[in-house]
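Asker: For reference, the structure I am asking about is given below.
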Amino acid sequence: MDKNSLKIPFRPLYLLSTGRFISYCRDNGVFVSKKFLEELHKDGLLYPAVKVYRGVVKFRKIYAKFQGKKEWRFVCPKDVKKFKPTKIDKKTWYISGGFLMGKEDWLDWYIKKKMVEYPISQKFTSWDKKTSEYFTNKSSIVEDCYELFYEKLQLIALKIIIERMRIWKILDKSQKEQSKKWIKKKLVKLYDFLEFYIEIEKLYNKSVDLKYKKMREYHEKYNLTEKQKKEWLEKDFKNDFKPILKITAEEILKKYKFKLTSIKDWRILITQQNIFHETPRSSSCIKIYLKGMDEKFLIKAEDVNYIIYIINFFMDLLTNENLTVKQIIGNLPIKYCPICGVAFKPKRKGQITCGYPYCVNENKNKLKKQKRKLSNT
């Protein structure tokens, strides 16, 4: 397998530093460490999305009056004269640069300066190196400092990996290697879908922009109540915007060669990452929990719910399906594999396990043992 097929598609706005990604995972019920992520990187199972060099920032050290008291401080070279120092350290001091994130194009500046690399295309090196430096008089120490970033969507990949790693302790070396290959094949398919998902998310954002523009038009040209604005917007969206967005949706579908049934299957997999389906609860129990929940709050509660919402939007453009996130979560037919405990949707009648080769074989062995016991009694 070409490892470049495991390159994660990413959105610059949703990149997280390694530390923040670990916190994000913890907030979503996945507890991982920096060492664990490094091992996954080393094994070629989960690569950081990008590696961004911090750059070097120069400082001078001066002795001057600050807030009525004289002391040594570091200041920008251009500000030295402003403070009227009585002493100036001859050395130039250096620290690592930071990252001005928060905009869609924040990474462009670093790309232009050739400060961005992709770990998947590089030979693995240990993470022991410091990622930043704070005031040193040796610029060489600072020049190589960098940060590894993960895309939020990699949480789904991480969950898939961890689900399969649960049984590694009972696998021999050969079975473990087969498991790694299986995981990688699964991730390749996931990343293909996520690339497609990012495109439909952009389409959704376009629809939101169209709605905002229309609402401003209503406000400027007509004396309408909020209720009337919403009614007009719903009508205009259905008659004017939706047909145009549908054409783009069909183009995206054709570009990525996805079928509607395949999209529904991926929606099920995404839904399995939801908090309701990560613990073995019955469908009826989940429906009761969901009954009193507000749809808007549900979408905001977890990123996977938002992904379901975006997929629903796309499916509605193409088929007028018009389903809510609550309906998808509440009506998902979920079973749990008796071997590994992973939630799955049965693809055929009478399916017992999740379909993972080890689980299928282990279940067969258990059935054989049970038959032998019965025959001996």
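Asker: Within the stretch 42-57, can one find any residue that is at pLDDT 95 or above, of a type in the set (Phe, Trp, Tyr), in contact with a helix residue (DSSP H, G or I) (Cβ under 6 Å, 6 or more places away or on another chain) and surrounded by 12 or more Cβ atoms within 10 Å (Cβ to Cβ)?
Answerer: Yes.
Asker: Go through the stretch 321-338 and give me each residue that's in a loop (DSSP other than H, G, I, E, B), at pLDDT 80 or above and aliphatic (A, V, I, L, M).
Answerer: LEU323
Asker: Quick test for you: out of LYS70, LYS51, pick the one residue that is over 30 Å from GLU163 (Cβ atoms) and not aromatic (Phe, Trp, Tyr).
Answerer: Going through LYS70, LYS51 in turn, just one is over 30 Å from GLU163 (Cβ atoms) and not aromatic (Phe, Trp, Tyr): LYS70.
Asker: Also, I was wondering about something else. ILE310 versus (1) in a helix (DSSP H, G or I); (2) in the same structural domain as VAL208 (by TED's automatic domain parsing); (3) surrounded by fewer than 16 Cβ atoms within 10 Å (Cβ to Cβ): which is the lone unmet condition?
Answerer: Single failed check for ILE310: (3).
Matching residues to (1) within 30 Å of LYS184 (Cβ to Cβ); (2) of a type in the set (Val, Ile, Thr):
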{"site": "LEU37", "(1), (2)": "yes, no"}
{"site": "HIS41", "(1), (2)": "yes, no"}
{"site": "VAL56", "(1), (2)": "no, yes"}
{"site": "TYR94", "(1), (2)": "no, no"}
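Asker: Is at least one residue of the stretch 154-169 among the small types (Gly, Ala, Ser), buried (at least 19 other Cβ atoms within 10 Å of the Cβ) and either touching a helix residue (DSSP H, G or I) at 6+ places or on another chain (Cβ under 9 Å) or modelled with pLDDT under 95 (or both)? Explain how you work it out, then say what you get.
Answerer: Step one: of the stretch 154-169, the residues among the small types (Gly, Ala, Ser) are 157.
Among the residues that remain, those that are also buried (at least 19 other Cβ atoms within 10 Å of the Cβ) are: 157.
If we keep only those that are either touching a helix residue (DSSP H, G or I) at 6+ places or on another chain (Cβ under 9 Å) or modelled with pLDDT under 95 (or both) as well, we get 157.
Checked the stretch 154-169: at least one residue is among the small types (Gly, Ala, Ser), buried (at least 19 other Cβ atoms within 10 Å of the Cβ) and either touching a helix residue (DSSP H, G or I) at 6+ places or on another chain (Cβ under 9 Å) or modelled with pLDDT under 95 (or both).
Asker: Return the total of residues in the stretch 237-264 being surrounded by 14 or more Cβ atoms within 10 Å (Cβ to Cβ) and either aliphatic (A, V, I, L, M) or not assigned by TED's automatic domain parsing to the domain that holds LEU203 (or both).
Answerer: Residues in the stretch 237-264 being surrounded by 14 or more Cβ atoms within 10 Å (Cβ to Cβ) and either aliphatic (A, V, I, L, M) or not assigned by TED's automatic domain parsing to the domain that holds LEU203 (or both): 5 in total.
Asker: Among the numbered criteria (1) surrounded by 16 or more Cβ atoms within 10 Å (Cβ to Cβ); (2) within 25 Å of VAL188 (Cα to Cα); (3) aromatic (Phe, Trp, Tyr), which one does PHE31 miss?
Answerer: Looking at each condition in turn, PHE31 falls short on (1).
Asker: Is there a residue in the stretch 127-142 that is modelled with pLDDT under 90, out of contact with any Asp or Glu (no Cβ under 8 Å at 6 or more places or on another chain) and of a type in the set (Asp, Glu)?
Answerer: Yes, some residue in the stretch 127-142 is modelled with pLDDT under 90, out of contact with any Asp or Glu (no Cβ under 8 Å at 6 or more places or on another chain) and of a type in the set (Asp, Glu).
Asker: Something else now. What number of residues within the stretch 248-293 satisfy the criterion of being within 25 Å of LYS159 (Cα to Cα) and among the acidic types (Asp, Glu)?
Answerer: 2
Asker: Criterion first (closer than 30 Å to GLU199 by Cβ, aromatic (Phe, Trp, Tyr) and surrounded by 13 or more Cβ atoms within 10 Å (Cβ to Cβ)) does TYR150 satisfy it?
Answerer: Answer is yes for this residue.
Asker: Pick from LYS61, LYS130: which is in contact (Cβ under 8 Å) with a residue 24 or more places away in the chain, among the basic types (Lys, Arg) and surrounded by 11 or more Cβ atoms within 10 Å (Cβ to Cβ)? Lay out the reasoning, then the answer.
Answerer: On the way: LYS130 fails: in contact (Cβ under 8 Å) with a residue 24 or more places away in the chain.
Residue meeting the stated conditions: LYS61.
Asker: Does LYS173 satisfy the criteria of being at pLDDT below 95, crowded, with 16+ Cβ neighbours inside 10 Å and in the same structural domain as ILE307 (by TED's automatic domain parsing)?
Answerer: no
Asker: Regarding LEU260, is this residue more than 21 Å from the chain's Cα centre (by Cα) and either farther than 30 Å from CYS354 by Cα or among the acidic types (Asp, Glu) (or both)?
Answerer: Considered against the rule, which asks whether it is more than 21 Å from the chain's Cα centre (by Cα) and either farther than 30 Å from CYS354 by Cα or among the acidic types (Asp, Glu) (or both), LEU260 comes out as no.
Asker: A further question on this structure: Just need a number here: residues in the stretch 348-362 that are of a type in the set (Lys, Arg) and over 16 Å from ASP265 (Cβ atoms).
Answerer: Residues meeting the conditions: 1.
Asker: Moving to a separate point now. So which strands (runs of 3 or more DSSP E) stay within the stretch 1-82 end to end and still have 2 or more residues that are of a type in the set (A, V, I, L, M)? Can you show your working first?
Answerer: Working: elements: 15-17, 50-53, 56-66, 69-75.
Where strands (runs of 3 or more DSSP E) fall fully within the stretch 1-82 and carry at least 2 residues being of a type in the set (A, V, I, L, M), they are 15-17, 50-53, 56-66.
The values are calculated or read from the model by the stated rules, or taken from the named source; none is laboratory data. Everything numeric in this text was worked out from a predicted model, so none of it was measured. Counting neighbours? That spans all protein chains shown, and the Cβs are built from the backbone with ideal geometry, glycine included.
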